[in-house]
Amino acid sequence: MKLDALTLFASMFINLTLIVGALLLGVGWKARTGMRLWNVALVLQAVAWACLVAAYRGWPRELATLGSAALVAGFSFVYLAAKNYLRQPASMPWVVGVPVVTAVLHWLLFYNFMARILVVNAAIGLQMLWLSWLLLRPGSEGSWRWRWLAGLALVATGALVACRAVLVVVAPESYPRFESPHWVNIVGLIVSNASVMAGTLAFLLAHRDEAEQELKRLATTDGLTGVLNRRHWMERALTHFNLARRHGRGLVVLMLDIDFFKRINDSRGHQAGDRALTLFADALQLVVRQPDLVGRYGGEEFCVLLPMSDVAAAQAVDQRLRAAIVRDVNPKLGFELTFSAGVAELKDDATTLDEVIARADQALYAAKQAGRNRLVVA
């Protein structure tokens, strides 16, 4: 069977349109940012091919410029989607500048066939090869599966686009016209179709990975403050407790409770209370060490486990936190926030983690009974 370029161009447009429709039905427009950006990229490419075919059929030449700009802009949105899943900031001059410069040059050089083709293919090839480097380079964040699938698809398509750019410079008389059944056109369109499918699968994998990470985060952290929730804190604290008992290491549990929290909610509203909890948790996470576990134990009560530490280390955390609240938290809240704390150290007679927590909780109760805004050692 003989393949012709126009049929492949039409199939490219149909393929893109069907994928966009399938993604909208299957994932929805309210999908995460990365998948929405990929969908916009596909829409722009579909528009591009429709404009290019229409221009070839005799429609105004403005459609050729519009199609070329849409094609380049489509890869700018692929770049945005990849950056979103890689958790890296995007360069907006790169996103906007390449399509705009391509459109202007294409319009100005429209009647210079070699220059016009070179500009478009150079812009697309540069985008593809740069994006493939971002995805394939060592140390990039995100699962290697989707990165390598998308990256290798971009390498294959980018290499063909680069060949077109070289061909139009080296042998412009041999460069295939739009409708020519030349092998460069045929292979390029087949690879482009395959790359669209591979790219869609890659970004669906990235979308799934992101959703799984979000579910894991929701299952292990407190939704308001971002610290560990009570269940996950207990699981991880138990691991540290068992290691401390087995190897004779120190371990301290620090319980903290915001003073008169109900009064804050009643007099200033629940939004002020939520903000107090959030700022308190942020300050607490900044004053502990990296191995220390911070969790929300319930309501306005927080717990910190300090592995390989003693009471003096817990007292130092308490002092740093009080200073941070006076310096950073209170000015943001607009009112004074204080807390009470109780600390308990692992003893030889403590057979369970619950016993250490219970002693820290008793010390916290004693701090409240003594007038609040203080630390009591069990």
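Nothing in this text is a laboratory measurement; each read-out follows from the coordinates by a stated rule. Predicted model, so just to flag it, every value in this text is computed and none were measured. Cβ coordinates were reconstructed from backbone atoms using ideal geometry, including for glycine residues, and neighbour counts include every protein chain displayed.
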Simple spin-label estimate for LEU24/GLN290, 7 Å along Cα→Cβ, in nm, reads 4.7 nm
One point scatterer per Cα, no solvent, Debye formula: log10 I(q)/I(0) for region 253-336 at q = 0.11, 0.22, 0.26 Å⁻¹ comes out as -0.29, -1.06, -1.36
Modelling each spin label as a point 7 Å along the Cα-to-Cβ direction, I'd like the ARG208/THR352 distance in nm, to one decimal. 4.1 nm
³J(HN,Hα), Karplus 6.51/-1.76/1.60, whole Hz, each residue of region 205-211, x for Gly, Pro: 5, 5, 4, 5, 4, 5, 5
Quick one: among ASP348, ASP259, ASP318, which has the greatest mean-square fluctuation in a GNM of the chain with alpha-carbon springs under 10 angstrom? ASP348
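For region 301-378, which semi-axes, largest first and in whole Å, follow from the square roots of 5 times the eigenvalues of its Cα gyration tensor?
Values: eigenvalues 129, 38, 18 Å².
Output for region 301-378: semi-axes of 25, 14, 9 Å.
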Taking every pair of Cα atoms in region 91-142, average 1/r, invert it to obtain the Kirkwood radius, and report Rg/Rh to two decimals. 1.13
Find the percent of Cα-Cα distances in region 47-135 that exceed 22 Å, and round it to a whole number. 28 percent
Entries of LYS216/LYS262; LYS262/LYS368; LYS216/LYS347 with Cα pairs more than 24 Å apart: LYS216/LYS262; LYS216/LYS347
Using the alpha-carbon centroid of each, what span in Å lies between region 29-69 and region 262-280? 50 Å
All-pairs alpha carbon distance profile, region 230-377, 10 Å steps from 0, percent: 12, 43, 33, 11, 2
So what are the ³J(HN,Hα) numbers for region 132-138, from phi and the Karplus equation (6.51, -1.76, 1.60; θ = phi - 60°), rounded to whole Hz, Gly and Pro as x? 5, 5, 4, 7, 9, 5, x
TYR365 and ARG231 label points (each 7 Å along its Cα→Cβ direction) are spaced in nm at 2.7 nm
Identify, among PHE302, THR239, GLY269, the residue whose Cα sits farthest towards the positive end of the charge dipole of the chain, taking +1 on the Cβ of Lys and Arg and -1 on the Cβ of Asp and Glu, with the dipole about the Cα centre. GLY269
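Using Cα pairs under 8 angstrom and six or more residues apart, how large is the relative contact order of region 5-220, in percent? It would help to have the intermediate numbers written out before the result.
Working: 258 pairs, mean separation 46.7, N = 216.
Normalised by residue count, the contact order of region 5-220 is 22 percent.
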DSSP-defined antiparallel bridges as percent of all bridges, region 230-377, nearest 5: 85 percent
Amide H neighbours of THR221 at under 5 Å, excluding residues fewer than 5 places away on the same chain, with H built from the backbone geometry, are ASN229
What shape does region 5-220 take by its C-alpha gyration tensor, where a ≥ b ≥ c are the square roots of the eigenvalues and a/c under 1.5 counts as rounded, a/b above b/c as prolate, and the rest as oblate? prolate
Quick one: dipole size for the chain, taken about the Cα centre, charges +1 on Lys/Arg Cβ and -1 on Asp/Glu Cβ, in debye to the nearest 20. 500 debye
Hey, got the Cα dimensions of region 99-172 along the principal axes, in Å, largest first? 46, 27, 14
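Report the FRET efficiency, 1/(1 + (r/R0)^6), for TRP133 and GLU336, where r is their Cβ-Cβ distance and R0 is 56 Å, rounded to 0.05. All intermediate terms of the calculation are to be shown ahead of the outcome.
Values: r = 53 Å, r/R0 = 0.94.
That pair, TRP133 with GLU336, gives E of 0.60.
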Percent RCO, i.e. relative contact order, over the chain, from Cα pairs under 8 Å lying at least 6 residues apart: 12 percent
Restricting to Cα pairs under 8 Å and 6 or more apart, the percent relative contact order of region 230-377 works out to 31 percent
How big is the Kirkwood radius of the chain, worked out from every pair of different alpha carbons and given in Å to one decimal? 25.0 Å
